[in-house]
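Chemist: Pasting a structure here, questions to come.
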Amino acid sequence: MMRLKSLDHLGTNPLNRIEAGGQSSDYILEKVELNHIGRFIEPVDIRTLVSGIEIYEHLDKPYLSGNIILTDFSKVYNRADLQGAENLSIAFKKSKNGPIYEKMFIIDLVETKKLNDNTENIMLHLTEEIAFKSNLYNVNRSYRGKPSNIISNIASQFLSKVVNIIGEDNYQGDMNVIVPNMNPLESMIWIKNRATDKDGYPYFLFSTLANDELYLLNLSDMLHATPTLFNAGTPRPQLSSCFLEAMESDSIDGIYNMHLLYWVSTSSLVEHNNHD
């Protein structure tokens, strides 16, 4: 889970804090815009109303979810006539010159609590847009190939999404499947559940804030860190864990994206295990 808590508003760049796994760091909230084709003439910027944002990454779901809390002192709720199904675009960055991460969500539930005659708290429950887009399509066809290739084909054909396959995926050979009348995400999850690596570990298909791609990763690669002895030879040695991973590019953007991706996947694994 990533949690953004408003600390201050600095001109047009509200400063927020993201917390994950007991640690926190400052991020700049670049954009929080409401929109709905047919009801809004143009997007509505609601950054100044945000008092908290929670974004959840799920190892067992290929989309993000979350909540955003607004302190509405400008009657935005009444003027916008929020009913659910509106688009909400959220963008943030790590530093002034850092890359911008942006995700599109759909509001699936609106809750309100009046504080006084002029102010009320509004909680918007969010689901990443891909989950709603998937419900518009039906996959009812046969496929042949490795599970990772079939999943990639479905994501590309129906959702215009790239599936980034991390680690070794050559163990499992070609398979023949007939998708039994499912939407694209259901189909991808169904096929993913039939795949294992050479040691029998399951695969996870998930979305992150690092970019607009989906990731297919097996549990073995998540746990492949090498144990090391930290502070060896001192009165207080400590077992630690480290691993090397390739970056998408030798650049600041590549460093940020890889850092965010593995922070998301490992924090999601901890969150997933804690709920189990």
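The values are calculated or read from the model by the stated rules, or taken from the named source; none is laboratory data. Owing to the predicted nature of the structure, the values given are computational and were not obtained by experimental measurement. For neighbour counting, all protein chains shown are included, and Cβ atoms are generated from backbone atoms with ideal geometry for every residue, glycine included. Accessible surface is based on the protein model in full, side chains and every heavy atom, while ligands, DNA and RNA are left aside. Shrake-Rupley method; radii C 1.70, N 1.55, O 1.52, S 1.80 Å.
For every residue, the table says whether it meets (1) under 16 Å from residue 208 (Cα atoms); (2) open to solvent by 30 Å² or more (accessible area, probe 1.4 Å); (3) of a type in the set (Phe, Trp, Tyr).
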residue: 27; (1), (2), (3): no, no, yes
residue: 30; (1), (2), (3): no, yes, no
residue: 42; (1), (2), (3): no, yes, no
residue: 48; (1), (2), (3): no, yes, no
residue: 51; (1), (2), (3): no, yes, no
residue: 64; (1), (2), (3): yes, no, no
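Chemist: If you don't mind, there's one more thing I want to ask. Checking residue 154 against (1) open to solvent by less than 70 Å² (accessible area, probe 1.4 Å); (2) touching an Asp or Glu at 6+ places or on another chain (Cβ under 6 Å), which single condition isn't satisfied?
Modeler: Looking at each condition in turn, residue 154 falls short on (2).
Chemist: With the checklist (1) in contact with a Leu (Cβ under 7 Å, 6 or more places away or on another chain); (2) among the small types (Gly, Ala, Ser); (3) modelled with pLDDT under 95 in hand, flag the one item residue 134 doesn't pass.
Modeler: (3)
Chemist: So, residue 234, is that one modelled with pLDDT under 80, open to solvent by less than 70 Å² (accessible area, probe 1.4 Å) and part of a loop (DSSP other than H, G, I, E, B) or not?
Modeler: Yes, satisfied.
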